[in-house]
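What follows is a single structure, written as structure tokens, with notes after it.
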Amino acid sequence: MTQEFDDKTPLLDHLIELRRRIANAVLSILVGFLICYAYADQVFAFLVAPLREILGPDAKMIYTGLHEAFFTYMKVSFYAGLFLAMPVILSQVWLFVAPGLYQHEKKFFFPFLVLTPVLFFTGGALSYEFVFPLAFKFFLSFTTPSIEALPSLKEYLSLAMTMIFGFGLVFELPVVILLLIKMGAVSTASLVAKRKYFVIVAFVVGGVLTPPDPISQIMLAIPILILYEISILFGRYLEKGKAMAETQEEE
């Protein structure tokens with residue numbers, strides 16, 4: 001009976017540790033949400049700024065449901081809080097996984113852990129700074145004297161979050177590819193051979209993750225292709241380092 005309990009103790013310890021890390025991550029999201037909700041007006045004004053620059057400072061947004069404005073501000077606060085909490089969430093993942101890794105495995109995974117939020121925020125910033133203005137100008141180019149643009153809070157938030165998260169996720173491509181190369185699942189030679197197919201994939205992904213307009217699709221597809229080439233470049237260095245390490249081990 002005692003032996004059975006001892007065998008289960010490590011599993012219980014892992015479950016308790018997992019619960020603690022999840023609780024910390026959820027708490028960080030809650031804290032981020034509360035902070036962002038206190039500044040929800042400023043956060044939403046920041047998201048709307050690219051559209052206001054095109055429509056003018058006197059432009060207003062509308063909502064058609066009585067509850068729409070409230071839930072829009074709640075969603076804005078949640079997404080912004082999630083952004084703020086991302087470093088804490090990733091640190092909790094690392095603190096849970098790291099004790100079970102060997103030293104060389106820690107050295108392998110840690111750079112990718114650091115690189116993940118950096119690339120995600122870079123993609124979101126690129127979307128906000130460059131893609132938003134171009135896409136919004138394209139959408140508003142169809143305005144005529146008889147057709148007036150009356151942006152909805154709900155629709156605008158959905159569009160903005162889709163584009164920001166879409167670009168953020170796409171910028172994680174180097175992390176995924178380099179991890180696969182490091183693990184030996186793919187090689188740079190195979191990536192080069194499949195480059196022409198990836199061009200098609202890039203534009204398909206651009207069409208899925210962005211609104212149905214050519215500008216935003218191209219603006220997403222081009223970074224995907226650039227990141228693909230960068231991944232191949234760095235992947236070759238990884239392969240060279242791996243080959244050198246294997247040669248040294250054989251000697």
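The values are calculated or read from the model by the stated rules, or taken from the named source; none is laboratory data. Not measured: the values here are computed from a predicted model. When we count neighbours, we look across all protein chains shown, and the Cβ atoms used for this are built from the backbone with ideal geometry, even at glycine.
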Residue check, Leu15 surrounded by 14 or more Cβ atoms within 10 Å (Cβ to Cβ) and part of a helix (DSSP H, G or I): no
Selected residue (criterion: modelled with the lowest pLDDT) from residues of the stretch 49-73 that are aliphatic (A, V, I, L, M) and either surrounded by 14 or more Cβ atoms within 10 Å (Cβ to Cβ) or farther than 21 Å from Ala125 by Cα (or both): Ala59
Every residue from the stretch 46-70 that is among the aliphatic types (A, V, I, L, M), closer than 28 Å to Ala135 by Cα and out of contact with any Lys or Arg (no Cβ under 8 Å at 6 or more places or on another chain): Leu47, Val48, Ala49, Leu51, Leu55, Met61, Ile62, Ala69
Those residues of the stretch 59-80 which are of a type outside the set (Val, Ile, Thr) and outside any loop (DSSP other than H, G, I, E, B), in sequence order: Glu68, Ala69, Phe70, Phe71, Tyr73, Met74, Lys75, Ser77, Phe78, Tyr79, Ala80
Helices (runs of 4 or more DSSP H) enclosed by the stretch 139-205 - at least 1 residues per element that are touching a strand residue (DSSP E or B) at 6+ places or on another chain (Cβ under 9 Å): 153-170
Pair list, Cβ < 7 Å and 6+ apart or interchain, from the stretch 70-83 residues that are free of Cβ contacts under 8 Å to residues at least 40 places away in the same chain to residues that are of a type outside the set (S, T, N, Q) and buried (at least 20 other Cβ atoms within 10 Å of the Cβ): Tyr73/Phe44
Matching option when the condition is touching a residue at least 24 places away in the same chain (Cβ under 8 Å), touching a Gly at 6+ places or on another chain (Cβ under 7 Å) and surrounded by 15 or more Cβ atoms within 10 Å (Cβ to Cβ), among Phe139, Phe167: Phe167
Pairs with Cβ under 6 Å, 6+ apart, first in the stretch 8-31 and under 12 Å from Leu95 (Cα atoms), second among the aliphatic types (A, V, I, L, M) and part of a helix (DSSP H, G or I): Ala25/Ile89
